[in-house]
Structures are given as C-alpha cells and as structure tokens.
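Please treat every number below as a calculation from the coordinates, not as lab data. All of these numbers come straight from a predicted model, not from anything done at the bench. Because the Cβ atoms are built from the backbone with ideal geometry, glycine has one as well, and the counts that use them run over all protein chains shown.
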Amino acid sequence: MTEQVRGTPSHYSTITYRSTLSPCAARKMGKIHRSGPPRRLLTREYLHVNVNERYLEMMNFEELNEKTRGYMLTEFEAEEASGNPYRGERLSAAGRAAFPDLMRQAIQTGNEQSLRSALMKSAYWNPTETYVRDGIARTRNINLHQAVEQLSLSEFNTWYVRGLTKRLMDEGVRSCQAYRGETPKWEPGECAAHEGQIFSVEDIYKGHRVKYWPKPGNPDALSIPFTPGCHHTIRRVE
Ligand SMILES: [Zn+2]
C-alpha cells in the first residue's frame, strides 16, 4: 500500500475555487459570489492548482472487499462487452489499448492509487488536447499528473459506485448516502451540496455515466461521481 502523503495546505490557503456551474445554477444553489473575481480567473486558479500540485491521496471506500470487487468486475466486463466502453478522452491509442487490463487489475486487487501508478506513463497519454474558448478552437499541453490523477480517481470510483449499488440492490438496501471518500484539496463548487445527501440506490446505479456517456450525455442527470474532480462516493444506509 502506498503511504498517504498530503499536499501542502498552505498552497491552497490563498485560493478560492468556487464553481464550474453556470451563474444561473450557482445562484440557485446560493453559491455565487457577486463581489468575487470573474469566472475566467477562477478557472485559471483551478488549473494552476492542478498543474502545480502533486500529491497522493487515498479514498476511503468503506466496502471495498471481495464481494464488492466481484460486483465491480461483473459490471465492468458488461460495459467492456457492450461495444462502446468509455475511455478517457486524453488517453493515446496505446493508453486506450492498455486501459481495460489496468482497470481490471485495479478492480480485482488494487484501488485508485494502484490505477494511478499503472497509468503514469507518458506513452499512454496524448501530448496535447484541443478546447474551445470564446468560440475558437485552441490547443494546450496535457499535464500528465493532472490527467492521471483525474482519470484514476473518477474511473475507480465510478466502478466502485456501480458495483456497490448493484450489490446493495441484491441485498435489498434501497438508500445510500454520498460522502467524501477523501478530503479534497479542491473540489467543484457543487460538491458541498452533495455531502451527506441520501439517494435511491437504484437511481445511482442507473445514473452510471449518463451525465457524459455515451456522448453527449445528459448534464442534468444524476451520476456519482458528480463531476470530474468529485471525491464523493457512496455508503449503504440501513
Ligand atoms: Zn463531489
């Protein structure tokens, strides 16, 4: 097991990352700060944190045991056999080819940290990506550590949530609770609203990837993790 090493808290003390929500949605949630800096600046701060911060963290998956891993693997193999499995968009051809076995190994005997270690090869990642700003397509470099961190956390958590919800349904458990598997150094603004929320197990099971996959997805749907960078996972509610 990799030793847990926390980031330097002081690095974050001057940074306020508020939200990637639209102003309208943020206002509804009471999260808009009218006197704050413009959103573009917040986005830069957010990128700054991710590009410069290298840290290890460990999620607390309360029921990551043999039984849950079995459910995770069954669910994973079903998506792999679907003909259209999700692949991280920043993965290179080599990364896409390697990913299924690496994910399989993490599900069977590892966790998000072992997946991160396995994915930490520059050959697995595209060097650049395109994005659109102000209506213009631009290119930027992909930061290896940021890309690995995001995909390993979100994919392992995605399969944990999928597998555990299936298990809970089989056990007749109807409700689950969202909790932070790890105290994040930063998190999307909407995450604060999800802490401790109770959901239908079946809703979360069916919400698997529907926000973003298959494309274009449904942004209004409920999926856990809620968004990239989200450290929320679920626990059973008896
Ligand atoms: Zn979250």
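Miscellaneous remarks
- Counting only aspartates and glutamates at least 8 places from K166 when in the same chain, those with an alpha carbon closer than 16 Å to its own are E62, E63, E66, E75, E77, E79, E202, D203, E238.
- Backbone HN-Hα couplings from phi across the range 68-80 [Karplus 6.51/-1.76/1.60, Hz, Gly and Pro as x]: 5, 4, x, 5, 4, 5, 4, 5, 4, 5, 5, 5, 4
- Å³ per residue enclosed by the Cα convex hull of the range 60-157: 114 Å³
- N60 paired with T74, simple spin-label distance in nm, labels 7 Å along Cα-to-beta-carbon: 2.9 nm
- Rounded to the nearest whole Hz, the Karplus-based 3J(HN,Hα) values (6.51 cos²θ - 1.76 cosθ + 1.60, θ = phi - 60°) of the range 166-174 follow the sequence 5, 4, 5, 4, 5, 8, x, 8, 9, with x at glycine and proline.
- Diffusion of the range 145-238 by Stokes-Einstein, at 10 °C in a medium of 1.306 mPa s and with Rh set to the Kirkwood radius over alpha-carbon pairs, works out to 118 µm²/s.
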